[in-house]
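The values are calculated or read from the model by the stated rules, or taken from the named source; none is laboratory data. Keep in mind that what you see is a predicted model, and the values were worked out from it rather than measured. Cβ: placed from backbone, ideal geometry, glycine included. Neighbour counts: every protein chain shown.
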Amino acid sequence: MPAATEQPGQPPQPPRAAGVAGIVFAVLLASTIVLIRIVFPALPPDATTWHATTFGHTALRVALALLPFAAIAFLWFMAALRAYIGGREDKFFATMFLGGGLLFVATLFALASAADLMLFVADTSAGGPPPQLWRNSHHFTFTMLSSYCMRMAAVFTFSTTTIGHRLNLFPRWLVWLGYLVGAILLVVVTRVRWSELAFPFWVLAVSYRILSARPSSASGRP
């Protein structure tokens, strides 16, 4: 009696955990980016003025509190996507997928460390943080966010989109969106403000695709 086997080329049923974790991550990361953009504007204000405002302290503390949970949700999102893909992916793009995702989390924590150091010095300085510290922290934070963090996100986006396209897991619109977002994060992000929000938007789109996929699409079609 022949055993029932899964037909080749048949995509597995997407795990709902990936969609839920992706939505949580996208919301947390988008909130963090907005808060950092508000606290660290393009032209940094006077450090003493910022030190005297309660909003700057509160916004930065909230952003730093959200970052660890965003990183945890992203790791959960990566693991669930790996379970979704299975062992059928190309080894090259699988390595890029893991490397880009893990380096993204590492640079995210490096960014948080720089902002936390500036906040600590601001709280322990009687007359507010020195202007040179503000400029250095401002430069380092945005360099980590735009030049490194988002470009590692671009690697993750390109590799995930390519795997989803080759295995027929993503529809055509999501494939084109993934390549467009990857190009924005790789080239445009250092020139256009707020373009970092393209990454959580793409994660939301992938999560929507996973949560809206019907079980019948994962079985019953050769």
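Taking the numbered list (1) at pLDDT below 90; (2) surrounded by fewer than 21 Cβ atoms within 10 Å (Cβ to Cβ) in turn, Trp134 passes all entries but (2). Out of region 20-47, which residues are modelled with pLDDT of 80 or more and not hydrophobic (A, V, I, L, M, F, W, C)? Hits for region 20-47 are Gly22, Ser31, Thr32, Arg37. Considering each residue of region 86-95 in turn, none proves to be at pLDDT 75 or above, of a type in the set (Gly, Ala, Ser) and loosely packed, with under 14 Cβ neighbours inside 10 Å. Kindly list, by first and then second residue, each pair from a residue in region 102-115 that is farther than 14 Å from Leu66 by Cβ to a residue that is at pLDDT below 85 and β-branched (Val, Ile, Thr), limited to pairs with Cβ atoms under 9 Å and residues at least 6 apart or on different chains. Cβ pairs passing all conditions: Ala114/Thr141. Confirm whether His165 is at pLDDT below 85, out of contact with any Asp or Glu (no Cβ under 8 Å at 6 or more places or on another chain) and assigned to a helix (DSSP H, G or I). Judged against the criteria, His165 is not a match.
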